[in-house]
Every structure is written in C-alpha cells, then in structure tokens.
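Read-outs throughout are calculated quantities, based only on the coordinates presented, and are distinct from any laboratory measurement. Every value quoted in this text rests on a predicted model; they were computed, and no experiment measured them. We place every Cβ from the backbone using ideal geometry, glycine too, and count neighbours over all the protein chains shown.
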Amino acid sequence: MFLEQIVATSVCHSDLYHLFEYMHPEGFPTVLGHEAAGTVESVGPGVTEFQPGDKVIPIFLCQCRECRFCKSPKTNQCELAWTRVCQKIMASVESRFTCRGKRVLQFMGTSTFSEYTVVHQSAVAKIDPAAPLDKVCLLGCGICTGYGAAVNTAKVEPGSTCAVFGLGAVGLAAVMGCKDAGAERILAVDINSQKAEKAKAFGATDFVNPKDHNIPINQVLAEMTNGGVDYSLECVGKVEVMRTALESCMEAWGVSVIVGWTDMYDIAIRPSHLICGRTWKGSMFGGFKSKDGVAQMVKAYMDKKLMVDEFITHNMTLDQINNAIDLMKDCKCIRTVMSVSPQ
C-alpha cells in the first residue's frame, strides 16, 4: 500500500451508475472517483515498485503479475482483484477512509474524489514523468476501455465495417480504436445528433440516430452495410442496446462486444442469433493488462499517436464536483477534468 496525492480526476459514468442507478444499500457511504492521476506521497512496507514523487495512474483493475490470470494471455483479469474489491457494492473489502469516526467505503479500490487516497501497488501504473496528469488521468478508465474493446477484444481488422453504440467517452474511444485498427467504415450510433461531429472527429464515417428512423436500428444498419457490420461495440450499458448491437452484426461472422457496464438486468436473445455464426464477447477495461496497458497508452499519447485532449470538454476544481456530476447526468459533456492538487 502507499499514499497517493491526487492531482486530477474526472467523472465517469460508472460513478453515476453507482450513485443514481444501482444504488446498492450496502455501497454507501463511499468516496467515488476512479479515473485520475497523481503522485506517490509515501510508500508502506513491502512496496518496491514505487517511490515518493513517481507519477502514477490508479486503476480499478489489479495486475499482480503473479497469479494464473495475470500470467495467461487469455485474460486481463487478476485473481487478487477478486479478493480486494467486492463487486456487489463496487468497493474495497478494506478501506482506510473514515469520516467523524465512521468507516467510509473506497470505491473500486481507488476513491479519487479526494486529495489523497491509499492504493495497493498492484492497482497503480507508473507513467512517464513528463506526462500531463490533467490529461492522462482519462486513461485510468474510459479511453482504455473503449479503445481496447475495439483493438484487443473485438480485434477489428483492416477494411472492416464497424458500428459503435453510444458516443460518450467510451464510445468515442471505441470509434478511435476502430479507426486505428484500419476499419474502412465506422457507423456511430447515438440518440443525440449533437454528437455527430464529435464522432467524425474521432474517425466515424457515418452517424445514425435511431430516432430518425421508423424501423429498428439493426435493420437500418443492415440496409446500410449489405447485411450487417463485421463488428459492433455496445458502449451504453443497457441490455436492450446490447441485443440490438448483436443483431446489427453480419449473421454469418459478426462479432459484437459488450463494453457498457450494468449488473441490473438479464438479456434475452434467440439462440439462432448465435448459432448461425455470430460471436458475443464482453470486455473489461478494454482487455488491457491494466498496469502494462495504461503505461503503453500514456506512451502512445506522448508520442502523439493517441487522442486524449479532445475528450475533455470542461475543466473544474474538486469543490465543483456536484456541477461536474450534473454535466455528466444531463449528457452535456464528454469528460470533465477536475483539478485536485497542483502538479
């Protein structure tokens, strides 16, 4: 464990999901926030990978590098993560936060809406000391999640056709991932037409608003692509959209990836949707081995091979957190970055 000073943090929809949608009664009180960057303030016994002054990004998904999952190329999961974070309440089993003598939960093992937080060394990535923390903080969740879902999980191929459902930060990152993977056509799908130009800036070739059509959107996409897309990515977190994304794929070989998080409802599909040849996948943190992947993505950004600044629509300070949450709740931002401490 070590103490980290948070320099910058942003609001992700997963914070709102916990606060306004899932609302598990055992998940409160909690300090939210999991998309951030900061510096190591001090280290505890047994910490050998970090030292005070290191620039780091905390990550909600561990990478201990020692368990059978970490050693396997088949997954980016880590057995240690399953023992440290209780998925039911989206909080650490242990917490070093207290308020007026009472325990406060640590959200996703990070809790970055705070000037300081205590994190496990398996859930932190050391990054380039020259990286601007008020920009690369976004790589702690949303951008890696969407981008990796396209390049790591879907494994989008050059010349292919893709559809991305939902154009928040995760969806826009998925669009960017499809473009970088060489997709020839990328259809961006959202019910907010104001996001069309933003999607095209990240690489979308077409924008489709389901509200503009009187037939199901999967039929619209099938007509636009001669039977369906090669790859679809659902970045909304709604089960009905997950099914639609699957149905939008080419029946014989389409690959659909569930990226948006929810644990509230079941999905119902017809077996023939898969039997004929479609593949349905899930993607956690874009399939990145967390510590390694974040460091790689920061390097790509520093090498000007990855768009990050373009996701930031608002800048605030931590005492404006309620305003930042309202912007996300009202779909009036892509990402709001809050300054917590000076770099």
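With a 10 Å radius around each residue's Cβ, average the other Cβ atoms per peptide and rank 54-64, 70-80, highest first. Present the calculation step by step, with values, prior to reporting the outcome.
Working: 54-64: 24.5, 70-80: 14.9.
Taking the mean over residues of other Cβ atoms within 10 Å, the ranking is 54-64, 70-80.
With the contact rule set at Cα under 8 Å and sequence spacing of 6 or more, what percent relative contact order holds for region 88-222? Kindly include the intermediate steps, with their values, before the conclusion.
On the way: 181 pairs, mean separation 20.2, N = 135.
Computed value for region 88-222: 15 percent relative contact order.
Along the principal axes of its C-alpha atoms, what lengths does region 146-283 span, in descending order and rounded to whole Å?
37, 31, 30
Quick one: Karplus J couplings for region 288-296, per residue in order, coefficients 6.51, -1.76, 1.60, θ = phi - 60°, nearest Hz, x for Gly and Pro?
6, 4, 4, 5, 5, x, 5, 4, 5
Which one, Val255, Tyr231, Gly171, projects farthest toward the positive side of the charge dipole computed for region 146-283 from Cβ point charges (K/R +1, D/E -1)?
The residue sitting farthest along the positive end of the dipole is Gly171.
What is the packing order of peptides 263-271, 182-190, 204-212, taking the mean over residues of other C-beta atoms within 10 Å and listing the highest first?
Numbers: 263-271: 9.6, 182-190: 23.1, 204-212: 17.6.
So the order, starting with the most tightly packed, is 182-190, 204-212, 263-271.
So how do 7-13, 40-46, 243-249, 89-95 stack up, highest first, on mean other-Cβ count within 10 Å? Each step should come with its number before you reach the end.
On the way: 7-13: 27.1, 40-46: 13.6, 243-249: 24.9, 89-95: 19.0.
Ranked by mean Cβ neighbours within 10 Å, highest first: 7-13, 243-249, 89-95, 40-46.
Around His24, under 11 Å between beta carbons, what's the net of Lys plus Arg minus Asp minus Glu among the other residues?
Values: positive: Lys88; negative: Glu21, Glu26, Asp263.
Neighbourhood net charge equals -2.
Determine how many Å³ per residue the convex hull of the Cα atoms of region 1-159 encloses. Don't jump to the answer; show the numbers that get you there.
On the way: hull volume 21.8 nm³, N = 159.
Hull volume normalised by residue count: 137 Å³.
Rg/Rh for region 231-324 to two decimals, with Rh computed the Kirkwood way over all alpha-carbon pairs.
On the way: Rg = 17.7 Å, Rh = 16.1 Å.
Taking Rg over the Kirkwood Rh, I get 1.10.
Starting with the fewest neighbours, write out His24, His34, His18 ranked by other beta-carbon atoms found within 10 Å of each beta-carbon. All intermediate terms of the calculation are to be shown ahead of the outcome.
Working: His24 13, His34 26, His18 22.
Going from least to most buried by this count: His24, His18, His34.
Mind scanning Lys238/Lys291; Lys238/Lys329; Lys71/Lys299 and naming the pairs with a C-alpha gap bigger than 26 Å?
Values: Lys238/Lys291 28 Å; Lys238/Lys329 15 Å; Lys71/Lys299 23 Å.
From the list (Lys238/Lys291; Lys238/Lys329; Lys71/Lys299), the Cα-Cα distance tops 26 Å for Lys238/Lys291.
By count of other Cβ within 10 Å, fewest leading, how are Lys291, Lys179, Lys299 ordered?
On the way: Lys291 25, Lys179 19, Lys299 14.
Final ranking by Cβ density, sparse to dense: Lys299, Lys179, Lys291.
Based on Cβ point charges of +1 for Lys and Arg and -1 for Asp and Glu, what charge dipole magnitude is obtained for region 65-197 about its Cα centre, in debye rounded to the nearest 20? Before the final figure, lay out each step's value.
Values: 16 positive and 11 negative charges, 129 e Å.
That gives a dipole near 620 debye.
What percent does the relative contact order of the chain come to when contacts are Cα pairs within less than 8 Å and at least six residues apart? Spell out each step's value before the answer.
On the way: 807 pairs, mean separation 67.4, N = 343.
Result for the chain is 20 percent.
Out of all DSSP beta bridges with both ends in the chain, state the antiparallel percent to the nearest 5.
Numbers: 26 of 54 bridges.
Given both bridge residues lie in the chain, the antiparallel proportion sits at roughly 50 percent.
About the Cα centre, and with charges only on the beta carbon of Lys, Arg (+1) and Asp, Glu (-1), how big is the dipole of the chain? Nearest 20 debye, please. The partial results should precede the final answer.
On the way: 33 positive and 36 negative charges, 114 e Å.
Value, rounded to 20: 540 debye.
Counting each DSSP H run of 4 or more residues in the chain as -39500 (n - 2.57), what helix-only mean residue ellipticity at 222 nm follows after dividing by all residues, to the nearest 500 deg cm²/dmol? Mind showing how you got there, number by number?
Details: 11 runs with 82 residues, N = 343.
Helix contribution divided over all residues of the chain: -6000 deg cm²/dmol.
Evaluated at 20 °C with a viscosity of 1.002 mPa s, what Stokes-Einstein diffusion coefficient in µm²/s does the chain have when Rh comes from the Kirkwood expression over alpha-carbon pairs? Don't jump to the answer; show the numbers that get you there.
Working: Rh = 20.3 Å.
The estimated diffusion coefficient comes to 106 µm²/s.
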